[in-house]
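Single-structure report; data block below.
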Amino acid sequence: MSIDEIVQRIGAHSFPPVDNGFTVDPDTDYDGVPDHERTDWRVRTLALRDLIRQGRKDIAPLVDLLEHDNPHVRQVTTMGLGPLRAERAVGPLENRLRHDPEPVVRAHAAIALGQIGVPSDAVAHHAETEDHPDVRHQCMVARSRIERGRPVEPAVAEQFATLDPSTFGRVRDGDFAPDFVLDDTEGRSWRLSDVLGEKTVVLLWVFADWCPVCHKEFHELIRRKDRFRALDVEVATLECHDRYRGRVMTGKEIRPPYWFADKLPGKHPLDPYPDEIWWPHLVDRAASVGLRYGIDPWQFAVHSEWVNRPSTVIIDPEGIVRLAYVGTYWGDRPSIGQILDMIETGTYNVDPPPPRRGPH
């Protein structure tokens, strides 16, 4: 598909609005995307794949798209330039970070600069001065990985470029769980089928390190370790980012000054990590596994970054999905206590919470 065709496909799609850092359902004015049939994620995912394919041949047309009038075109383009490690795009990305009117574009420009890994005055400056706290956070993370010499791994672009829509799906209760292999944040391989046959498996897709709900889940997993072990349950968390971003989530890199630091026990949300994380945190690059399970990656704008739906999948030892819960907004997910109770009782159902009214 040509660059013009990719841009036309993005421009022809009606994406939901973003307000105050959150996707807003256009029909209800509530935070989130309650309609599971919306294809925003698919348009964005395939545009990203096709832009990366084009960029591997010639990066110049992608750099030109950073000046496009459509903010969705600019955002998807920034998301592709990072995995391509397009050093030629550093100056134009810095310009987006400095001047783009859309926080979600500025945030993804910062992410891309960190992935490229070239020293950037814009990243360093905006890590201190950016008005939008979520964009400032992305600048801090980008500055950290640049200083540590941790550009994005080539496998991310490769996995984006090879995405196949025929493999996209959504698991439902009663389905056999698709097998997969992913690396954890230490580079160790984890295969689902190696665990099935003996244990119940819980898969939890999390947003990112800036998510207080995700850290609350991590703290609950730590606190309830003995109960998971008593029920013979294997847990794996998954994050649709590159390895460095996954390591930030598990406390193995930068310790950002989170706004929610006082909402969790300890002086910092990362205080118990990484030593007390007893489960594998898996790096789902390009959401290659999430796309098979139906978590709809890059469906939500949350804290000015496009991310997946929060999702919980419980799989019995025979490989049958007992619960496939795909959330409709950032806080829509079963609690860790509910997950344990379902496994212990064998009753797998969750009443969805009411829609979340945002500050709109």
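The values are calculated or read from the model by the stated rules, or taken from the named source; none is laboratory data. Small disclaimer: the values here were computed from a predicted structure and weren't measured. As a convention, Cβ positions derive from the backbone with ideal geometry for all residues, glycine included, and neighbour counts pool all protein chains shown. Accessible surface is based on the protein model in full, side chains and every heavy atom, while ligands, DNA and RNA are left aside. Shrake-Rupley method; radii C 1.70, N 1.55, O 1.52, S 1.80 Å.
Some observations on this one:
- Once the range 87-112 is narrowed to residues that are of a type in the set (A, V, I, L, M) and open to solvent by 10 Å² or more (accessible area, probe 1.4 Å), the residue that is farthest from P16 (Cα to Cα) is V90.
- When restricted to residues that are over 26 Å from T200 (Cα atoms), among the aromatic types (F, W, Y) and at pLDDT 95 or above, the range 225-266 contains 1.
- Filter pass, P257 being under 26 Å from E305 (Cβ atoms) and open to solvent by 60 Å² or more (accessible area, probe 1.4 Å): yes
- In the range 321-343 there is at least one residue that is at pLDDT below 95, within 22 Å of D134 (Cα to Cα), open to solvent by 10 Å² or more (accessible area, probe 1.4 Å) and β-branched (V, I, T).
- Any hit, the range 243-250, residues being open to solvent by less than 30 Å² (accessible area, probe 1.4 Å), charged (D, E, K, R) and under 29 Å from A230 (Cα atoms): no
- Residue pairs whose Cβ atoms lie under 6 Å apart, sitting 6 or more positions apart in sequence or on different chains, and linking a residue in the range 152-164 that is closer than 19 Å to R44 by Cβ and in contact (Cβ under 8 Å) with a residue 40 or more places away in the chain to a partner that is basic (K, R) and open to solvent by 10 Å² or more (accessible area, probe 1.4 Å), are V156/R285; Q159/R285; F160/R49; A161/R53; L163/R49.
- Total residues in the range 61-72, condition crowded, with 21+ Cβ neighbours inside 10 Å and either among the hydroxyl-bearing types (S, T, Y) or in contact (Cβ under 8 Å) with a residue 60 or more places away in the chain (or both): 2
- Residue list for the range 330-339, filter: in a helix (DSSP H, G or I) and either small (G, A, S) or closer than 13 Å to V213 by Cα (or both): I336, G337
- Matching residues, the range 113-153, being part of a loop (DSSP other than H, G, I, E, B), open to solvent by 20 Å² or more (accessible area, probe 1.4 Å) and either closer than 16 Å to E305 by Cβ or touching a Leu at 6+ places or on another chain (Cβ under 8 Å) (or both): H132
- Subset of the range 301-329 [in a strand (DSSP E or B), out of contact with any Phe, Trp or Tyr (no Cβ under 7 Å at 6 or more places or on another chain) and under 24 Å from V24 (Cβ atoms)]: E305, Y325, V326
- Test: residue in the range 275-289 that is touching a Gly at 6+ places or on another chain (Cβ under 9 Å), within 22 Å of L48 (Cβ to Cβ) and open to solvent by 50 Å² or more (accessible area, probe 1.4 Å): no
- Residues (more than 21 Å from the chain's Cα centre (by Cα) and among the aliphatic types (A, V, I, L, M)) located in the range 9-44: A12
- Looking only at the range 80-99, residues that are within 22 Å of the chain's Cα centre (by Cα) and free of Cβ contacts under 8 Å to residues at least 40 places away in the same chain come to 4 in all.
- As for the range 123-139, it holds at least one residue that is over 20 Å from W210 (Cα atoms) and not polar (S, T, N, Q).
- Residue ID - most open to solvent (accessible area, probe 1.4 Å), chosen from residues in the range 1-60 that are free of Cβ contacts under 8 Å to residues at least 12 places away in the same chain and within 19 Å of E158 (Cβ to Cβ): K57
- Any hit, the range 285-294, residues being among the small types (G, A, S), modelled with pLDDT under 95 and either in contact with a Pro (Cβ under 6 Å, 6 or more places away or on another chain) or closer than 24 Å to C139 by Cα (or both): no
- Within the range 178-197, the set of residues being in a helix (DSSP H, G or I), open to solvent by 40 Å² or more (accessible area, probe 1.4 Å) and either in contact (Cβ under 8 Å) with a residue 12 or more places away in the chain or aromatic (F, W, Y) (or both) comprises S193 only.
- Of the candidates P297, P272, P265, the single residue that is part of a loop (DSSP other than H, G, I, E, B), open to solvent by 30 Å² or more (accessible area, probe 1.4 Å) and not basic (K, R) is P265.
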